[in-house]
């Protein structure tokens, strides 16, 4: 799937991304739409105001991995 297709899907479906892992340097969020899993890796210094759930469409710039389940 191309990045533009991913963006369209995230803006259309508006899934919530949930924090699933935290390291010393990054927070990892994941969002699922149907058979698609999106993983976002965000540098810890940029996540001061982030909660455990966040709108996935707002995390597009940190898209780290895309998987079809």
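Residues in segment 1-21, backbone N under 12 Å from the label point at residue 60 (7 Å along the Cα-to-beta-carbon vector): list them, ranges by number please. So the set is 3-14.
Among 46, 18, 32, the largest mean-square fluctuation in a Gaussian network model of the chain (Cα springs under 10 Å) belongs to 46.
In this rough spin-label picture, where each label sits 7 Å from Cα along the Cβ direction, the residue 24-residue 1 distance is 3.4 nm. Extension gain for the segment residue 44 to residue 16, taken as residue separation times 0.36 nm less the Cα-Cα distance, is 8.2 nm to one decimal. Taking the C-alpha atoms only, the angle from helix 3-13 to the longest principal axis of the chain is near 90 degrees. Once Rh is set to the Kirkwood radius over Cα pairs, what Stokes-Einstein translational diffusion coefficient, in µm²/s, holds for the chain at a temperature of 4 °C and a viscosity of 1.567 mPa s? It comes out at roughly 108 µm²/s.
With helices as the sole contributors, the chain gives -5000 deg cm²/dmol at 222 nm; each DSSP H run of n ≥ 4 counts as -39500 (n - 2.57), and the sum is divided by every residue.
Between residue 69 and residue 51, the simple label model (points 7 Å from Cα in the Cβ direction) yields a spacing of 2.3 nm.
Values in this text are rule-based calculations from the coordinates and carry no lab data. This structure is a prediction, so every number in the text was calculated from the model and none was measured. Note: ideal-geometry Cβ built from the backbone for every residue, glycine included; neighbour counts use all protein chains shown.
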